[in-house]
1. Return the pair list, or none, for Cβ contacts closer than 9 Å from residues in the stretch 2-25 that are within 15 Å of Met41 (Cβ to Cβ) and among the hydroxyl-bearing types (Ser, Thr, Tyr) to residues that are more than 14 Å from the ligand (Cβ to nearest atom) and part of a loop (DSSP other than H, G, I, E, B), at least 6 apart or on different chains.
2. Please go through the stretch 230-254 and pick out each residue that is free of Cβ contacts under 8 Å to residues at least 60 places away in the same chain, over 20 Å from the mean Cα position of the chain (by Cα) and within 24 Å of Leu6 (Cα to Cα).
3. Ser219 passes all but one of (1) under 22 Å from Leu281 (Cβ atoms); (2) away from the ligand (no atom under 16 Å from the Cβ); which number fails?
4. Quick one: how many residues across the stretch 1-11 are within 11 Å of the ligand (Cβ to nearest atom) and modelled with pLDDT under 90?
5. So which of Val8, Val53 ends up being in the same structural domain as Thr269 (by TED's automatic domain parsing), more than 27 Å from Thr276 (Cα to Cα), out of contact with any Gly (no Cβ under 9 Å at 6 or more places or on another chain) and buried (at least 23 other Cβ atoms within 10 Å of the Cβ)?
6. The conditions are (1) within 16 Å of the ligand (Cβ to nearest atom); (2) in contact with a helix residue (DSSP H, G or I) (Cβ under 9 Å, 6 or more places away or on another chain), and Ser51 fails exactly one of them. Which is it?
7. Are any residues in the stretch 227-258 more than 16 Å from the ligand (Cβ to nearest atom) and either in contact with a helix residue (DSSP H, G or I) (Cβ under 7 Å, 6 or more places away or on another chain) or not in a loop (DSSP other than H, G, I, E, B) (or both), and if so, which ones?
8. In this structure, does Glu37 turn out to be acidic (Asp, Glu), part of a loop (DSSP other than H, G, I, E, B) and surrounded by 14 or more Cβ atoms within 10 Å (Cβ to Cβ)?
Amino acid sequence: MIIVPLGVASATPTATRHLPSVALWREGTICLFDCGENTQMRMLQAGLKRSKVDFIFITHFDVDHYSGLIGLLSTLQLQRRDKTLTIVGPKGIKKYVEWNFKFAEVDLTYDVNYAEIEEDFEGGKVIDEEEFYVEARPLKHNKFCLGYRFQEKDKPGKVNAEKAEAMGITDDWQYKDLKAGKDVELDDGTVVESSDIVGHPRPGDSFAYITDTSYHPNSVKLAMNTNILLHEATFSENLADKAEETGHSTSIDAARVANEAQTKLLVITHFSARYTNPFVLLREARKDFFPAWLATELRPIFTDPAHEKGIIQPKVYIKEIDGNSSGSGDRKPRGKSSGGKKKRFRKRKNFKGKSSGSGNYSSRRKSDSDKSKSSRSSDNYRRKKDSRDDNSERKPRPITPRTPFDDFDRF
Ligand SMILES: [Zn+2]
């Protein structure tokens, strides 16, 4: 699961921050939470296909949280979408969307499935799919506002194939039954128990989106034991009165919810335009809950680093600006026909290990920071050599980096 903040401003956008929206990518499907103005452009910039959006969750009817909705739906119409789209939000969302398209005399080519939530709703599942569900609960704002929790259902445990084979399991249906928790009887009468072969179920990923609210116990319920909690922190603690008055949270409120809910990572968002440097908010939040970070637009957050494999291919080059290999000096690759303007192939970091799989770019950075003297240097050299060999075999297509976060640090 990958979370990509698309807009981290509060009510008014700034030169660098857009109106609220966050995308959740999972197995090729995108769920959008809120859809402020500019959402569809930010999706493009993040490399997220708009056609992949299958669910849109709107928290409330403050204009900054849904002003991008009609534009996005209209683009999907122009793309001749035919898949059903599901929109979840407070009661009235259907009327709003339908009125807009009636006004524009547009007949949508695709079906929209609405899940409207009434104001007396106390909380529960609003979407229940085969592999995940989404739960909503009312929050405490100056109008009806919903928080959401996206929860993957538990995945079946891993099958110990070696053990299964040794015990005489050969057919696909037998594996299927074992995975489904059923015991399998072999031809000779022996019973192979599922619990012997299949490990414990693996817990699914979880994400909570809580914005436009003062502190409320429902926020804690939604965020309980989540992998990622994206919580608003509109104000810093010295504006706590203003936060209370306007139905918003301070960074301390966000940290309090994170603490009580025991989330793994708190990411704060929805910054008031008065903070040109939102790090002041982060510093405050970290005093109470350390695993906290700022939502940064277009910077992806992986709930599980292993998921990154195969999703993002290392295919971004660093173009040498001065033809002098940017001072890499003795580490200059000994390519046969480097005609001055040699393109470099930057390998993505393997986030599980500290630096395995580093390519030329990160090796160069290491040499700059004196780390080449470490005991790993010979390993690095070998890897570098390997990556050069890879390079000569396939010629990856040069592309323009979409975001500044192609080589971001894990937090
Ligand atoms: Zn807002």
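1. Pairs that qualify, where the first residue is within 15 Å of Met41 (Cβ to Cβ) and among the hydroxyl-bearing types (Ser, Thr, Tyr) and the partner is more than 14 Å from the ligand (Cβ to nearest atom) and part of a loop (DSSP other than H, G, I, E, B), are Thr16/Thr276; Thr16/Glu297; Ser21/Asn38.
2. Of everything in the stretch 230-254, those that are free of Cβ contacts under 8 Å to residues at least 60 places away in the same chain, over 20 Å from the mean Cα position of the chain (by Cα) and within 24 Å of Leu6 (Cα to Cα) turn out to be Phe235, Ser236, Ala243, Ser249, Thr250, Ser251, Ile252, Asp253.
3. So Ser219 meets the others, but not (2).
4. Result for the stretch 1-11: 1.
5. Val53
6. Among (1) within 16 Å of the ligand (Cβ to nearest atom); (2) in contact with a helix residue (DSSP H, G or I) (Cβ under 9 Å, 6 or more places away or on another chain), the lone unmet condition for Ser51 is (1).
7. Ile228, Leu229, Ser236, Glu237, Asn238, Ala240, Asp241, Ile252, Ala255, Arg256, Val257, Ala258
8. Yes.
The values are calculated or read from the model by the stated rules, or taken from the named source; none is laboratory data. Since the model is a prediction, treat every value here as computed from it, not as a measurement. No Cβ is skipped: glycine too gets one built from the backbone with ideal geometry, and neighbour counts run over all protein chains shown.
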